[in-house]
Amino acid sequence: MRAGKGEPSSQSEDAERDFWATHSAAKFIDSLPAVEIEIVAPRRKRERIALPASDLDAIKKLAKQVWVPYQELIRTWLRERLGRETAGIAQVH
């Protein structure tokens with residue numbers, strides 16, 4: 001942070017921490033430059049797959065044990081396997 005009138009000089013993190021513990025950022029907000037950010041959500045596409053009921057039950061049980069939604073567990077497993085498989089293909093070529 002550049003030190004302006006009444007702003008900390010940022011000589012050290014401790015000094016800056018002490019400054020902001022006793023000052024409000026509201027006083028400086030108008031002097032800050034405007035910024036634009038773009039938030040792009042990852043694209044997802046739905047796909048339905050049929051699994052044997054016993055497999056889905058086992059997945060749900062495992063997911064419950066590790067406190068994650070079963071759909072997230074399936075996505076994690078697919079990403080891990082896809083990463084291994086594509087890494088193996090890249091090494092061959």
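Values quoted throughout were computed directly from the atomic coordinates according to the rules given, and no laboratory measurement underlies them. The model shown is predicted, which means the values in this text are computed figures rather than measured ones. Here Cβ is always computed from backbone atoms with ideal geometry, including for glycine, and neighbour counts include all displayed protein chains.
A few remarks follow.
- Taking segment 17-50 as the range and being part of a loop (DSSP other than H, G, I, E, B) and of a type in the set (Phe, Trp, Tyr) as the test, only PHE28 passes.
- ALA63 vs. criteria among the hydrophobic types (A, V, I, L, M, F, W, C) and exposed (fewer than 10 other Cβ atoms within 10 Å of the Cβ): no
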